[in-house]
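Enquirer: Have a look at the structure that comes next, please.
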Amino acid sequence: MSYAEVRELQNALSTASDIAFGFETAPPADQLAEVADALQRALGAVRSLQAPHGGTTGCREHPMGAVDPLYGDKEDPLPPGWGKCLLCNDRRRRAMTNRRGR
């Protein structure tokens, strides 16, 4: 079990919880999308913790890290140039969200 994967699960659930508990009667679509993204990351972290760690992400920073659950998904593909690493992809997602929020 990887400490990074456990932390990713905790962070994703905390993010979803923080946003959801701030909802009033009709939450805005962008906040719902943020909750959905956080829950997707949490699901990916859980699946990674459940899976045997025989594979690699191909990432120099997190070679044995969690694989992004959207990697290879034809219905919801990752942006061009993104790899398998959930931790790096999450960092990219957060950077994109921060740029949109400014």
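Enquirer: Being among the β-branched types (Val, Ile, Thr), farther than 18 Å from ALA4 by Cβ and in a helix (DSSP H, G or I), is that true of even one residue in the stretch 38-52?
Expert: No, that holds for no residue.
Enquirer: When residues of the stretch 27-80 are filtered for being of a type in the set (Val, Ile, Thr) and more than 26 Å from SER17 (Cα to Cα), how many remain?
Expert: Residues of the stretch 27-80 of a type in the set (Val, Ile, Thr): 35, 46, 56-57, 67.
So of that shortlist, the ones also more than 26 Å from SER17 (Cα to Cα) come out as 56-57.
Residues flagged as of a type in the set (Val, Ile, Thr) and more than 26 Å from SER17 (Cα to Cα) within the stretch 27-80 amount to 2.
Enquirer: Then there is this: Quick check on CYS59: is it open to solvent by less than 80 Å² (accessible area, probe 1.4 Å), at pLDDT 90 or above and not hydroxyl-bearing (Ser, Thr, Tyr)?
Expert: Values: open to solvent by less than 80 Å² (accessible area, probe 1.4 Å): yes; at pLDDT 90 or above: no; not hydroxyl-bearing (Ser, Thr, Tyr): yes.
Against the criterion (open to solvent by less than 80 Å² (accessible area, probe 1.4 Å), at pLDDT 90 or above and not hydroxyl-bearing (Ser, Thr, Tyr)), CYS59 does not qualify.
Enquirer: Enumerate the pairs (first residue in the stretch 15-38 and more than 20 Å from ARG99 (Cβ to Cβ); second residue anywhere and in a helix (DSSP H, G or I) and open to solvent by less than 50 Å² (accessible area, probe 1.4 Å)) with beta-carbon separation below 6 Å, excluding pairs fewer than 6 apart on the same chain, so at least 6 apart or on different chains.
Expert: Going by the 6 Å Cβ cut-off, the qualifying pairs are ALA16/VAL35; ALA16/ALA38; ALA20/VAL35.
Enquirer: Which residues, counting only those in the stretch 69-102, are closer than 20 Å to GLU34 by Cα, touching an Asp or Glu at 6+ places or on another chain (Cβ under 8 Å) and part of a loop (DSSP other than H, G, I, E, B)? Show your work before the answer.
Expert: First pass over the stretch 69-102, keeping only residues closer than 20 Å to GLU34 by Cα: 69-71, 73, 75-79, 82, 85-102.
Checking which are touching an Asp or Glu at 6+ places or on another chain (Cβ under 8 Å) leaves us with 70, 78, 82, 85-90, 93, 97.
Answer for the stretch 69-102, where residues must be closer than 20 Å to GLU34 by Cα, touching an Asp or Glu at 6+ places or on another chain (Cβ under 8 Å) and part of a loop (DSSP other than H, G, I, E, B): LEU70, LEU78, TRP82.
Enquirer: Report the residue count in the stretch 1-29 for those that are among the small types (Gly, Ala, Ser) and not in a helix (DSSP H, G or I).
Expert: Looking only at that region, the number is 3.
Enquirer: Taking the options ALA42, ALA66, name whichever one is at pLDDT 85 or above, of a type in the set (Gly, Ala, Ser), touching a helix residue (DSSP H, G or I) at 6+ places or on another chain (Cβ under 7 Å) and surrounded by 11 or more Cβ atoms within 10 Å (Cβ to Cβ).
Expert: Details: ALA66 fails: at pLDDT 85 or above.
The conditions single out ALA42.
The values are calculated or read from the model by the stated rules, or taken from the named source; none is laboratory data. Small disclaimer: the values here were computed from a predicted structure and weren't measured. Positions of Cβ are generated from backbone atoms using ideal geometry, with glycine treated the same way; all protein chains shown enter the neighbour counts. The protein model used for the area step is the full one, side chains on, heavy atoms only, and it has no ligands, DNA or RNA in it. Shrake-Rupley method; radii C 1.70, N 1.55, O 1.52, S 1.80 Å.
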